[in-house]
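The values are calculated or read from the model by the stated rules, or taken from the named source; none is laboratory data. Everything numeric here is computed off the predicted structure, so don't read it as measured data. No Cβ is skipped: glycine too gets one built from the backbone with ideal geometry, and neighbour counts run over all protein chains shown. To get the accessible areas, we keep the full protein, side chains included, count just its heavy atoms, and leave off ligands, DNA and RNA. Shrake-Rupley method; radii C 1.70, N 1.55, O 1.52, S 1.80 Å.
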Amino acid sequence: MERTVALLERRDGRLLFDRSDWDVAIAPGSSIAFNGACLTAVEISDEVVGVDVVPETLRRTNLGALEPGVLVNVERSVTLQTLLDGGLVLGHVDAVATVTDVDDEGIVVHYPERFEPLVVEKGTIVLNGVALTVAELAPASARVALIPETRRRTNLGTCEVGAVLNIEFDVIGKYVARLQGVRLGREAEDA
């Protein structure tokens, strides 16, 4: 995770984020993940990067509920020349998860029950774009440990019970589930 930036403004389907102290080359069309949702940069200046969001993105992620001033995790997409370091994250948010417990070791999140087949102990889940190891499982819930560096560099360090986080499940697990005929139907999508 590169850093956190603040949402500055919402304007007619566009989110504008502060980039005044984020010194990274961004061009129109660049893919950038905001809280783990991969979006396309369409408005760029020294102070601002703007991305357009469609209704599907607003429904499936926590981006629709963001208020100006809220910090989001931001990261540029990797290229085929980039060293892969950590979990394989696509930026394709599957749902939102709710924080149900916070302690000194980490957080517990509850996610829609239909995704249970995709979560395994010591496997990876992605919360707000941060790839994390599942430390413990419970029905439709997972505990992840947060090291001090993760708490310091991401917005996960300020999570409170009730916070809504974007969650992406392991892409390999999704393909295996599909090949085995596991149904991940939409019946519980709003849970």
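For the reader, a short list of remarks on this structure follows.
- Check on residue 77, among the polar types (S, T, N, Q), touching a Cys at 6+ places or on another chain (Cβ under 9 Å) and in contact (Cβ under 8 Å) with a residue 60 or more places away in the chain: no
- Scanning the range 57-75 for residues that are of a type outside the set (Val, Ile, Thr) and open to solvent by less than 50 Å² (accessible area, probe 1.4 Å) returns 60, 62, 63, 64, 66, 73.
- Filter result for residue 186 (modelled with pLDDT under 95 and more than 22 Å from residue 113 (Cα to Cα)): no
- Positions within the range 39-68 being of a type in the set (Val, Ile, Thr) and more than 30 Å from residue 112 (Cα to Cα), in sequence order: 42, 44, 48, 49
- Residue satisfying condition, being at pLDDT 95 or above and buried (at least 19 other Cβ atoms within 10 Å of the Cβ), within set 42, 49, 54: 49
- Condition check for residue 145: in contact with a Lys or Arg (Cβ under 9 Å, 6 or more places away or on another chain), farther than 16 Å from residue 63 by Cα and of a type in the set (A, V, I, L, M, F, W, C): no
- From the list 8, 16, the lone residue that is over 25 Å from residue 97 (Cβ atoms), open to solvent by 70 Å² or more (accessible area, probe 1.4 Å) and in a strand (DSSP E or B) is 8.
- Summed over the range 106-143, the residues that are open to solvent by less than 30 Å² (accessible area, probe 1.4 Å), within 16 Å of residue 174 (Cα to Cα) and part of a strand (DSSP E or B) give a count of 2.
- Cβ-Cβ under 8 Å pairs, at least 6 apart or on other chains, the range 152-174 side free of Cβ contacts under 8 Å to residues at least 40 places away in the same chain, far side open to solvent by 50 Å² or more (accessible area, probe 1.4 Å) and not in a strand (DSSP E or B): 157/151
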